[in-house]
Amino acid sequence: MASKRDAKKDVQFVVTEVISDCLNFLYMNPEKKAAEVHAIVEEMIELHNELVTRINHIDGKDNPKLVKAHFKSLYAQLLGKTDEAFSRLSEIAKS
């Protein structure tokens, strides 16, 4: 079984990196689209809460294949959403 503790640490690290970049962007560019950057931060906080809840409530935890699939989908969602957030922040920075 994948470690819940390690998964929570991974989620925390990745989400914190996105939020940190957003806050650094706001600090360096206070005049640029602050509302859109705040929306990205809020989405990342919601993603964090959702993923931690999913880590804590594993369906079929007696079946190793289901657990592996659960964590695989969890990491796929984490990486997909954070990549999307970084892309949106890049677009805001370009404009």
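Mean shadow of the chain, computed from the convex hull of its alpha carbons, in nm²?
Details: hull surface 22.9 nm².
Result: a mean projected hull area of 5.7 nm².
Give me, ordered by chain and number, the residues 5 or more places off residue 58 or on other chains with an amide H under 5 Å from its own placed amide H.
Amide H neighbours of residue 58, under 5 Å, 5+ apart: none.
Can you tell me the dipole magnitude for the range 1-73 around its Cα centre, using point charges on the Cβ only (Lys, Arg +1; Asp, Glu -1), in Debye to the nearest 20?
Numbers: 11 positive and 12 negative charges, 101 e Å.
With only Lys, Arg, Asp and Glu charged at Cβ, the dipole is about 480 debye.
Each value in this text was obtained by applying a stated rule to the coordinates, not by laboratory testing. Keep in mind the model is a prediction, meaning the values are calculated, not measured. Because the Cβ atoms are built from the backbone with ideal geometry, glycine has one as well, and the counts that use them run over all protein chains shown.
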